[in-house]
Amino acid sequence: MLKKSILIIAVALSALIGGCKGAPAEEVRDIILATTTSTEDSGLLDYLLPEFKKDTKITVKVVSKGTGEAMEIAKRGDADCILVHAKEKEVEFVKEGHGVKRFDVMYNDFILVGPKSDEAKIKEKAKNNPELAFKLISESKAAFISRGDESGTHTKEKNLWKTSEIKPSGEWYISAGKGMGAVLQMADEKGAYTLTDRATYLSMKDKLSLEIVCEKNDKLYNQYGVIKVNPEKHKINDKEAQQFVDWIISDKVQKLIRDFGKEKYGESLFIPNAK
């Protein structure tokens, strides 16, 4: 009887152990998102990504760089998706076969900020005219901090200098090669002007003495887009990347984006416009 009991226990333990070995482990699913610094500095990703993980059980690893560098990372196949803001470059990215399709996600606008003293008299003479504002900065040789990193903001800045027919140079023009948050801090410390997206500025406003000196012009429009990296060109987490694209342009998430910042700043930091 004792031998029979021991045999039954042994068989039961064997079945239990075998069952544990055969049980599938929870699947680890993740993607790498290469994105512009403004989506991180503004707090948008901290707000959205926990919701994405809750909905899909997919973890997003964020690589936050200027738009240009984010796109280069994706071109090397070191990212699954990009969320950036330089539409012409994004269209070219897809045209060259690096991405599958580009989708509008949201927009906000660029603003020119500077010290309260406003040495270049921009608020007085060019409150809604960015090209004149850039001319006034150049003429007064007031300190200007450039991102200098081929980001979407830097691309916009270079376009504004070009349409203003100015080639900025000299000690007053400082190329930082840093992200938006760091550049705003530099401009604050040096009493300088800089071009920034509105979301990052508003998220840091309480820690800065910088003021908006030029805004609300069509040339300051700032569109963001999402693109899945081409799985035929690089080995990516294709299924998960597509889920992220579908998720961020969905009605549910577009509403989340619309609500972001309203309570704290009294306005949305990004306006959703996915079609």
**Message:** Let me check against my output: what whole-number percent is the relative contact order of the range 45-98, with C-alpha pairs under 8 Å and at least 6 apart?
**Reply:** 22
**Prompt:** Gaussian network model of the chain, Cα springs within a sub-10 Å range: biggest mean-square fluctuation belongs to which of Thr56, Thr36, Thr196?
**Reply:** Thr56
**Asked** Among Met204, Met180, Met71, which one shows the biggest mean-square fluctuation in a GNM of the chain, springs joining Cα atoms closer than 10 Å?
**Response** Met204
**Message:** What's the whole-number percent of alpha carbon pairs in the chain lying beyond 30 angstrom?
**Reply:** 38
**Rounded, prolate or oblate (a/c below 1.5 giving rounded, otherwise prolate when a/b exceeds b/c) for the range 138-194 by Cα gyration tensor** = oblate
**Message:** Which trypsin sites (Lys or Arg not before Pro) in the range 138-182 sit in a loop by DSSP (not H, G, I, E or B) and have at most 14 other Cβ atoms within 10 Å of their own Cβ?
**Reply:** Lys141
**Item:** Two-decimal Rg to Rh for the range 145-275 - Kirkwood Rh, Cα set
**Value:** 1.03
**Complete:** Computed over the chain: longest principal axis from alpha-carbon atoms vs helix 130-140 long axis, angle to nearest 10 degrees, is 60
**Request:** Note the angle between two axes, namely the Cα long axis of helix 152-163 and the longest principal axis of the Cα atoms of the chain, as a number of degrees from 0 to 90, rounded to the nearest 10.
**Result:** 20
**Loop-located trypsin sites (Lys or Arg not before Pro) in the range 201-273, at most 16 other Cβ atoms within 10 Å (DSSP)** = Lys216, Lys233, Lys235
**Request:** Please report how far the C-alpha centroid of the range 204-275 lies from that of the range 42-105, rounded to the nearest whole angstrom.
**Result:** 10
**Fill in**
Summing -39500 (n - 2.57) over every DSSP H run of at least 4 residues in the chain and dividing by its residue count gives a helix-only mean residue ellipticity at 222 nm, to the nearest 500 deg cm²/dmol, of -13500 deg cm²/dmol
**Fill in**
Under a Gaussian network model of the chain whose springs join Cα atoms within less than 10 Å, the largest fluctuation of Val253, Val105, Val84 belongs to Val253
**Prompt:** Under 19 Å Cα-Cα from Lys275, which lysines qualify once same-chain neighbours fewer than 8 residues away are excluded?
**Reply:** Lys87, Lys101, Lys228, Lys252, Lys255
**Message:** Suppose a student asked you for the relative contact order of the chain, using Cα pairs under 8 Å spaced at least 6 residues apart; what percent would you report?
**Reply:** 27
**Request:** From the P(r) of the range 42-194, can you give the percent of Cα pairs sitting at distances over 28 Å?
**Result:** 30
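Each reported figure results from applying straightforward, stated rules to the coordinates on display, with no laboratory input. Please read these numbers as outputs of a predicted model, since none were measured by experiment. Using ideal geometry, Cβ is built from the backbone for each residue, glycine included, and neighbour counts are taken over all protein chains shown.
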